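**Q** There's a structure below that I have some questions on.
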Amino acid sequence: MKLQGKTWKFGDDVDTDAIIPARYLNTSEPAELAAHCMEDADPAFAGRVRPGEMIVAGRNFGCGSSREHAPIAIKAAGVSCVIAATFARIFYRNAFNIGLPIFESPAAAEKIQAGDEVAVDAAAGTIYNLTRGEEYRATPVPPFMQEIIAAGGLIDYVARRLTREKNGM
Amino acid sequence: MPMTITEKILAAHAGRDEVSPGELINVKVDLALGNDITAPVAIKEFGRTGVAEVFDRERVALVPDHFVPNKDIKSAEQAKLLRDFARRQGLTNYFEVGRMGIEHCLLPEQGLVGPGDLVIGADSHTCTYGALGAFSTGVGSTDLAAAMALGETWLKVPETLKFVYHGALPAWVGGKDLILYTIGQTGVDGALYMAMEFTGPAVASLSMDGRLTMANMAVEAGAKNGIVPPDEITRRYVEGRAKRPYQFYASDPGARYARVYEFDVSKLEPQVAFPHLPSNVRPVSEAGRVEIQQAVIGSCTNGRMEDLRLAAKVLQGKKVHPDVRLIVIPGTQEIYRTALKEGLVEIFLDAGAAVSTPTCGPCLGGYMGILAAGERCIATTNRNFVGRMGHPQSEVYLSNPAVAAASAILGRIAGPQEVC
């Protein structure tokens, strides 16, 4: 998987209330959630973000609530991936489960500036800053989670496993 | 190999003799939980697994509590989704308005979670049940869907941080102050991916309500779970209440900890977390003059009997400040009824407070007490992020129930000593 796009920069501890405020959680429709994505962190974001662009943030991205609506909103807004120094653990699981690519890289989180053009080689775990001519490593994804990604998300992984069990394989 | 209590519970549910931090394991789930925000997504995803029925209709709990009684049409549709699914699946643990409570107050009270259990819930504050000596953690909707289908989930065995609280707790200082102080020390990601084990004489002296408050906010330090070693207080709480067999686990001498924190809390003051992070804590005496327009006493953090009794003790014979709205939200119907019987509701009404049916409501900015731009609220809830209780330019300060009650009386953030 190769991704490329302009970046939006956010700070540390971006919480799920900032990503999608609870006042919009009376729906789980991706398009409706996307319209309010990052609203309390940057009210202009949802209106201006273009498909393929990336979010770059500091430590503990996605802390707070377990709401899967947060990665759903980001994905539905067209964001191709999130790069952060670290992720809060529930957000980390949720992103894999719904198929939002995320990359943990303290160096990338520090060096990339808002508006930089960045490319990501997901398989190699390499992040290229095309604007600054720099290259950063992402923390390797555990093999089990790579299986989930390869299956197309957790539910497809589960469905595949159940089919295998049913067929006695 | 010596293990921590968290490692032992995980090993038992993985069918293993031992596990080590960092291992990815598949574990059996004793209970899987969802609410009216997270379960609708889980139900949709469950439909895609190809499984017709949940793994065990007694081990999936659905609790509509965030936006119920339904706050608007869309919320009503979500709550209906839960209700229809619960009926179709024959779930024994679906809790309707009028017979429900805030999930993390309700499940322990109903004996649906117990010591030694492994519980996952599509709500970040599922870590609350660690107070009973259970392993309990929050997940997202898709993880809940998979667990509803399989009765299993995958977890990475966490490293454990051990917290030892020495000394006797001063007056008006309880579980909320211990956990706020702790988060102030660790920061909001100081326990990221880790287990927090709460030990020491000060924790042992806490009631179960106080322990539930502590474990509830482990996630605010980034933790996977918070856990309190079960003891006689635990046994008294679960006896006659537990709906399933339970088992006490204890950390071995020599168990490995990533770090051990030792705190002397004998001189700890009530703590207040200032906007906009739960780690931004100060002793109440150093709050300065912060005028408030609203006070909220309730939530999965502090909506239990001990919390209401503390608030009533402060409010008895006093009036809420003319410029303040005080909203009291008992955590469950049972707590509401007990508060009525004990005369607490009358004390709240006499003081000029609004008393609500159980709901998460204002804690997450849902309804039942939303803030306007520029307004400040002191709340016994768990998060004070930007916009958490309403307008992005409003502010939330976190405290224990006695501080929230005293602040409601004085119209500014204040300790209970100022009014009692």
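**Q** If we count every other residue with Cβ under 14 angstrom of B:Gly343's Cβ, Lys/Arg +1 and Asp/Glu -1, where does the sum land?
**A** +1
**Q** Please enumerate, by chain and number, the lysines with C-alpha under 29 Å from the C-alpha of B:Lys8, excluding those fewer than 8 residues away in the same chain.
**A** Those lysines meeting the cut-off are B:Lys28, B:Lys156, B:Lys162, B:Lys176, B:Lys224, B:Lys243.
**Q** Quick one: dipole size for the protein assembly as shown, taken about the Cα centre, charges +1 on Lys/Arg Cβ and -1 on Asp/Glu Cβ, in debye to the nearest 20. Working shown, then result.
**A** Working: 59 positive and 67 negative charges, 136 e Å.
The calculated dipole for the protein assembly as shown is roughly 660 debye.
**Q** Quote the Stokes-Einstein diffusion coefficient, in whole µm² s⁻¹, for chain B, based on the Kirkwood radius over alpha carbon pairs, a temperature of 10 °C and a viscosity of 1.306 mPa s. All intermediate terms of the calculation are to be shown ahead of the outcome.
**A** Details: Rh = 21.3 Å.
After rounding, the answer is 75 µm²/s.
**Q** Here's another thing I want to ask about it. Using a Cα-Cα cut-off of under 12 Å, which aspartates and glutamates could be cross-linked to B:Lys267, ignoring same-chain neighbours fewer than 8 residues away?
**A** B:Asp177
**Q** Continuing with this model, one more query. Considering only DSSP beta bridges where both residues belong to the protein assembly as shown, give the percentage that are antiparallel (nearest 5). The partial results should precede the final answer.
**A** Values: 24 of 77 bridges.
So the antiparallel bridges amount to about 30 percent of the total.
**Q** May I pose another question? Give, in whole angstrom and from largest to smallest, the semi-axes √(5λ) of the equivalent ellipsoid of the protein assembly as shown, with λ running over the eigenvalues of the Cα gyration tensor.
**A** They are 35, 28, 24 Å, listed largest first.
**Q** Here's a follow-up. Once label points are set 7 Å from the Cα along Cα→Cβ at both A:Ala44 and B:Gln316, what is their separation, rounded to one decimal in nm?
**A** 5.7 nm
**Q** With a sphere of radius 9 Å drawn around the Cβ of B:Met3, what net charge do the other residues whose Cβ falls strictly inside it have (Lys, Arg +1; Asp, Glu -1)?
**A** -1
**Q** Quote the convex hull volume per residue of the stretch A:2-141, based on C-alpha atoms, as a whole number of Å³. The partial results should precede the final answer.
**A** Details: hull volume 12.3 nm³, N = 140.
About 88 Å³ per residue, rounded to a whole number.
**Q** Any idea which of B:Leu118, B:Ser407, B:Ala191 is furthest toward the positive side of the dipole for the protein assembly as shown, if Lys and Arg beta-carbons carry +1 and Asp and Glu beta-carbons -1?
**A** Result: B:Leu118, furthest along the dipole toward the positive end.
**Q** What does the highest-first list of B:101-112, B:48-59, A:129-140 look like by mean Cβ count within 10 Å?
**A** On the way: B:101-112: 25.4, B:48-59: 15.9, A:129-140: 14.3.
Top of the packing list down: B:101-112, B:48-59, A:129-140.
**Q** Given points 7 Å out from each Cα along the Cα-Cβ axis, report the B:Arg83 to A:Glu29 separation in nanometres with one decimal.
**A** 2.2 nm
**Q** Return the percentage of antiparallel bridges among DSSP beta bridges fully within the stretch A:2-141, rounded to the nearest 5 %.
**A** Details: 13 of 25 bridges.
About 50 percent, rounded to the nearest 5.
**Q** Quick check on chain B: helices-only [θ] at 222 nm, where DSSP H runs of length 4 and up contribute -39,500 (n - 2.57) each and the sum goes over total residues. Nearest 500, please. Kindly include the intermediate steps, with their values, before the conclusion.
**A** On the way: 14 runs with 128 residues, N = 420.
So the calculated ellipticity at 222 nm is -8500 deg cm²/dmol.
**Q** Let me ask another. Is the stretch A:26-76 best put as rounded, prolate or oblate by its Cα gyration tensor, with a ≥ b ≥ c the root eigenvalues, rounded for a/c under 1.5, and otherwise prolate when a/b is larger than b/c, oblate when not?
**A** Oblate, because a/c is 1.5 or more while a/b does not exceed b/c.
**Q** Across the residues of A:58-64, average count of Cβ atoms on other protein chains within 10 Å? Don't skip to the answer; put the middle values down first.
**A** On the way: counts 0, 5, 6, 1, 0, 12, 10.
What the average comes to for A:58-64 is 5.
**Q** Sticking with the crude label model, points 7 Å out along Cα→Cβ, report the distance from B:Arg241 to A:Thr139 in nm, one decimal please.
**A** 3.6 nm
**Q** Treat every Asp and Glu Cβ in the stretch B:274-418 as -1 and every Lys and Arg Cβ as +1, leave all other atoms uncharged, and give the resulting dipole magnitude about the Cα centre to the nearest 20 debye.
**A** Working: 14 positive and 12 negative charges, 16 e Å.
Dipole size: approximately 80 debye.
**Q** I need the shape label for the stretch B:302-420. Rule: rounded when a/c is under 1.5, else prolate if a/b > b/c, else oblate, with a, b, c from the alpha carbon gyration tensor. Present the calculation step by step, with values, prior to reporting the outcome.
**A** Values: a/c = 1.87, a/b = 1.29, b/c = 1.46.
Since a/c reaches 1.5 but b/c is at least a/b, the shape of the stretch B:302-420 is classed as oblate.
**Q** Of B:Leu344, B:Ser251, B:Trp154, which is farthest on the positive side of the dipole of chain B, counting Cα position, with +1 on Lys and Arg Cβ, -1 on Asp and Glu Cβ, and the Cα centre as origin?
**A** Final value for the positive-end residue is B:Leu344.
**Q** Radius of gyration and Dmax for the stretch B:28-111's Cα atoms, expressed in Å?
**A** 12.3, 37
**Q** With unit charges on the beta carbons (Lys and Arg positive, Asp and Glu negative) and the dipole taken about the Cα centre of chain A, which residue among A:Ala107, A:Phe61, A:Ala76 sits farthest to the positive side?
**A** Going by the charge dipole, the pick is A:Ala76.
**Q** For B:Arg244, what charge total do you get from the other residues with a beta carbon under 12 Å from its beta carbon, if Lys and Arg give +1 and Asp and Glu give -1? Please list the in-between numbers first.
**A** Values: positive: B:Arg59, B:Arg241, B:Lys243; negative: B:Asp30, B:Asp56, B:Glu58, B:Asp117.
Net charge around B:Arg244: -1.
**Q** Under a point-charge model restricted to the Cβ atoms of Lys and Arg (+1) and Asp and Glu (-1), what is the dipole moment magnitude of the stretch B:1-74 relative to its Cα centre, in debye to the nearest 20? The partial results should precede the final answer.
**A** Details: 9 positive and 12 negative charges, 50 e Å.
Charge dipole, the stretch B:1-74, about its Cα centre: 240 debye, nearest 20.
**Q** Ok, one more. Enumerate the lysines that B:Lys74 could reach by cross-link, defined here as Cα to Cα under 24 Å, with residues fewer than 8 away along the same chain left out.
**A** Output for B:Lys74: A:Lys75, B:Lys44.
**Q** Based only on other Cβ atoms within 10 Å, what is the fewest-to-most ordering of B:Val60, B:Val19? Kindly include the intermediate steps, with their values, before the conclusion.
**A** Working: B:Val60 27, B:Val19 23.
Least crowded to most crowded, the residues run B:Val19, B:Val60.
**Q** Looking at the stretch B:274-418, what % of its DSSP beta bridges pair antiparallel, to the nearest 5? Write out the running numbers ahead of the final one.
**A** Working: 1 of 15 bridges.
Approximately 5 percent, going by the DSSP bridge assignments.
Laboratory data are not the source of any read-out in this text; all were calculated from the coordinates shown. Computed from a predicted model, the values in this text were never measured in an experiment. Positions of Cβ are generated from backbone atoms using ideal geometry, with glycine treated the same way; all protein chains shown enter the neighbour counts.
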